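Colleague: Shown below is the structure under consideration.
Coordinate-derived values only; no laboratory data. Keep in mind it's a predicted model, so treat the numbers as computed, not measured. Note that each Cβ is placed from the backbone with ideal geometry, even for glycine, and that neighbours are counted across all protein chains shown.
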Amino acid sequence: MPELPEVEITARRLGTALAGAEVESAVAPGMVAMKTIDPPLSDLAGRRVERVWRVGKMPVVELSGGEEPLVLLVHLMSAGRLQVFDKRASLKDRRSRVLIRVADGRELRLREFGTKQRAWAKLLPSGELEADEMVATLGPEAWPAPPSEEFARVVDQPRHLHPLLRDQRVIAGIGRSWVDEILWEAALSPFKQGSELEAEEVGRLHAALHVLGDAIDHYEEVIGETVPDKLPMPLRVHRREGEPCPRCGATIAAVHFAEHITCYCPKEQTGGRMLKDRRLSRLLK
Ligand SMILES: [Zn+2]
């Protein structure tokens, strides 16, 4: 599940690989992948890739040429990948969602693993990106971390920290993996409410956002020109249930939800309390 650090390294590597590349044609084999129809994908022919960056967890590819630059805003959802390939995809590849064919034979490909079609893209005039609902509703970027006063304001809500920090309208870029790492770094319970935090705890949470920057630094070191399908995520607690906490040695515990899992250190984050399994409590309601 690509989150801020994974999308950042993807955007950096794609930007390097594609800068100046001329588009020959573009198609969307995933019938529901394109959420816009005007301008059409065919407008990309003859344009050049100007740069690639990200907003929150969404990669953005800017293409110059024509009257106004166009941007391809991509949402990878949980199983999408945006990658450059040396050869074009077989038309039988059912993972293909959007294919941007480069004149030199390469191809920028939005693929999606699994059977569900959830990843999407929008082609917009670059001047309309900021106003797009998915961009306009984003909270401040989680990395580089927002100013501490702004961060304190956005997390001051009566909601559990785990869903609060994953809410892109509150703060942009954090998902199910990195939220566990941030809360562990800050030694805060996933079930503490944002509005219950003492000023010192808000400060710890704000400082903990550095794990996102550390992850980007890690990827810069270990990832070559191409981002692999599965990134070597430097996670210390997420999906490490039963392993020793890297800081205090207590056994990492987990709460299982219907579609995700939260891992935490009971000794440092919940005062020794084990949290209830939410799958079971949901069934009993
Ligand atoms: Zn610990």
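Colleague: Report the Rg/Rh value for region 155-242, based on alpha-carbon coordinates and the Kirkwood definition of Rh. List each step's numbers first, then the result.
Modeller: Values: Rg = 14.1 Å, Rh = 13.9 Å.
Across region 155-242, the Cα-based Rg/Rh ratio is 1.01.
Colleague: Compute the distribution of all C-alpha to C-alpha distances in region 1-159, in bins of 10 Å from 0, and list the percent of pairs in each, rounded to whole numbers.
Modeller: It works out to 11, 39, 35, 11, 4, 0, in whole percents.
Colleague: Same structure again: Quick one: angle between helix 199-208 and the longest Cα principal axis of the chain, in degrees between 0 and 90, rounded to 10, please.
Modeller: 40 degrees
Colleague: Report, in whole Å, the centroid distance computed from the Cα atoms of region 208-263 and region 69-104.
Modeller: Result: 27 Å between the Cα centres.
Colleague: Given labels modelled 7 Å from the Cα in the Cβ direction, how far is it in nm from Ser195 to Arg169?
Modeller: Roughly 1.6 nm, to one decimal.
Colleague: In nm, to one decimal, how far is the Leu275 label point from the Met1 one, both placed 7 Å along Cα→Cβ?
Modeller: A separation of 1.3 nm, rounded to one decimal place.
Colleague: Go through Pro234, Ala19, Val202 and say which Cα lies farthest out towards the positive end of the charge dipole of the chain; charges sit on Cβ, +1 for Lys and Arg, -1 for Asp and Glu.
Modeller: The one lying farthest along the dipole's positive direction is Pro234.
Colleague: With the convex hull built on the Cα atoms of region 101-174, state its orientation-averaged projected area in nm². Present the calculation step by step, with values, prior to reporting the outcome.
Modeller: On the way: hull surface 32.5 nm².
That works out to 8.1 nm², a quarter of the Cα hull's surface.
Colleague: Let me ask something else about it. May I ask you to give the average projected area over all directions of the convex hull of the Cα atoms of region 134-182, in nm² rounded to one decimal? All intermediate terms of the calculation are to be shown ahead of the outcome.
Modeller: Working: hull surface 13.7 nm².
Over every viewing direction, the Cα hull of region 134-182 projects on average to 3.4 nm².
Colleague: Kindly provide the Kirkwood hydrodynamic radius of the chain in Å, to one decimal, from all pairs of distinct alpha carbon atoms. Show your work: numbers first, answer last.
Modeller: Values: mean 1/r = 0.0495 Å⁻¹.
Taking every pair of different Cα atoms in the chain, averaging 1/r and inverting gives 20.2 Å.
Colleague: With viscosity set to 0.890 mPa s and temperature to 25 °C, compute the Stokes-Einstein D of region 1-60, Rh being the Kirkwood radius across alpha carbon pairs; µm²/s, no decimals.
Modeller: Values: Rh = 12.9 Å.
Calculated translational D: 191 µm²/s.
Colleague: In addition: I need the shape label for region 16-107. Rule: rounded when a/c is under 1.5, else prolate if a/b > b/c, else oblate, with a, b, c from the alpha carbon gyration tensor. Kindly include the intermediate steps, with their values, before the conclusion.
Modeller: Values: a/c = 1.30, a/b = 1.14, b/c = 1.15.
Judged from the Cα gyration tensor, region 16-107 comes out rounded (a/c under 1.5).
Colleague: Once you have the alpha carbon radius of gyration of region 191-285, what is it after dividing by 2.2 N^0.38 Å, with N set to its residue count?
Modeller: On the way: Rg = 16.3 Å, N = 95, 2.2 N^0.38 = 12.4 Å.
Normalised Rg, Cα atoms only: 1.31.
Colleague: Give me Rg over Rh for region 69-208, both radii from the alpha carbons and Rh done the Kirkwood way, two decimal places. Intermediate results must be reported in sequence, preceding the final value.
Modeller: Details: Rg = 18.8 Å, Rh = 17.4 Å.
My calculation of the ratio gives 1.08.
Colleague: Using only the Cα atoms of region 229-268, each taken as one equal point scatterer with no solvent, compute I(q) by the Debye sum, divide by I(0), and report log10 of the ratio at q = 0.19 Å⁻¹.
Modeller: Calculated log10 I(q)/I(0) at the listed q: -0.56.
Colleague: Right, next: About the Cα centre of the chain, what is the dipole size in debye to 20, counting +1 per Lys and Arg Cβ and -1 per Asp and Glu Cβ, all else neutral? The partial results should precede the final answer.
Modeller: On the way: 41 positive and 43 negative charges, 317 e Å.
Magnitude of the dipole: close to 1520 debye.
Colleague: Let me know the whole percent of all Cα-Cα pairs from region 73-134 that are separated by more than 18 Å. Each step should come with its number before you reach the end.
Modeller: On the way: 797 of 1891 pairs.
Everything past 18 Å amounts to 42 percent.
Colleague: What do the square roots of 5 times the Cα gyration tensor eigenvalues come to for region 190-235, in whole Å, largest first, as semi-axes of the equivalent ellipsoid?
Modeller: Numbers: eigenvalues 202, 27, 7 Å².
Over the Cα atoms of region 190-235, the semi-axes work out to 32, 12, 6 Å.
Colleague: How high is the relative contact order of the chain, given as a whole-number percent (alpha carbon pairs under 8 Å, six or more residues apart)?
Modeller: On the way: 564 pairs, mean separation 46.3, N = 285.
Relative contact order for the chain comes out at 16 percent.
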